[in-house]
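Right, one structure below, let's go through it.
We did not get these values from a lab; they are worked out from the coordinates using the rules stated. This is a predicted model, so every value here is computed, not measured. FYI the Cβ positions are ideal-geometry reconstructions off the backbone, even for glycines, and counts take in every protein chain you see.
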Amino acid sequence: MANSEVTFIMIKPDGVQRGLIGDIICRFEKKGFFLKAMKMVQVERAFAEKHYSDLSSKPFFGSLVEYIVSGPVVAMVWQGKGAVATGRKIIGATNPAASEPGTIRGDYCIEVSRNIIHGSDAVESAQKEIALWFPDGIVDWRSANHSWIYEN
Ligand code: UDP
Ligand code: MG
C-alpha cells in the first residue's frame, strides 16, 4: 500500500550534539509521517562503512566515516505516502549552501561535511538501510490519527 512506504532517517553526530533531535522529529511528526522505529547508537567504523558503502570510492569517504563515528547518532524509520521523496525534501539538498530555507539543512547547517541528517534516496535504499539498522524489524502500529491524515 502506498501509505506504508518507509524511509530511513538518521540524525548525525552534529545534529545530536547541537540539540536538534527534538526539532527534527517534530518536523516529520507534524507533517503526518508515523515513527516506526528509533534508537540512539554509537556506531562502529565498519558499520558506518557498510551504511555508506555506495560512496566508498569518493574522495570524502574517509572523512565521512570519521564524522559518522564521532558521536552518537539517532536512527529512525518514518512511514507514510511518499516518505522517501518527501523525506528528502524536508531534509533539503546535500550541500546546505543549496538547501532552501525551511528545510532542515537549509535552516540548521552550513557545510556539506556537517549536514546533520541522513535520509534514504530511494525506496530500495530505504529497505536496505532499514534492514541494516533495524535487523530485528520495526514496530507495527497504526496511529489513531490515520484517517485525519489520509482519505483512504
Ligand atoms: N558528503 C561530504 N562531501 C561531499 C559530498 C557528501 O562530506 O562532497 C557527505 C555528506 O555528509 C552527505 C554524505 O556524504 O550527506 C552522503 O553523501 P550523499 O551524496 O549520499 O548525500 P545525501 O544523500 O546525504 O544528501
Ligand atoms: Mg545519500
Subtracting the Cα-Cα distance of Glu151 and Ile21 from 0.36 nm times their residue separation yields 43.8 nm
Quick calc: nm separation of the 7 Å Cα→Cβ label points for Ser125 and Val41 -> 1.8 nm
Sorted on mean Cβ neighbours within 10 Å (highest first), peptides 106-112, 33-39 come out as 33-39, 106-112
Loop-resident GluC sites (Glu not before Pro) in segment 32-94 with no more than 11 other Cβ atoms inside 10 Å, DSSP not H/G/I/E/B, are Glu44
Restricting to lysines and to Cα separations under 17 Å from Lys30, and discarding same-chain partners fewer than 8 apart, the set is Lys81, Lys89
Amide H neighbours of Lys36 at under 5 Å, excluding residues fewer than 5 places away on the same chain, with H built from the backbone geometry, are Val77, Trp78, Gln79
In order over segment 130-147: 3J(HN,Hα) from phi, Karplus 6.51/-1.76/1.60, θ = phi - 60°, whole Hz, x for each Gly or Pro, gives 5, 5, 6, 7, 10, x, 8, x, 10, 8, 9, 9, 10, 5, 5, 8, 3, 6
Using alpha carbon positions and the Kirkwood radius, the Rg to Rh ratio of the chain is 0.95
Taking 0.36 nm per residue of separation between Ser143 and Ala98 and subtracting their Cα-Cα distance, the length gained on full extension comes to 12.7 nm
In debye to the nearest 20, the charge dipole size for the chain, taken about the Cα centre with +1 at each Lys and Arg Cβ and -1 at each Asp and Glu Cβ, equals 180 debye
Note to self, the chain gives a 222 nm [θ] from helices alone (DSSP H runs n ≥ 4, -39500 (n - 2.57) apiece, / all residues, nearest 500) of -10000 deg cm²/dmol
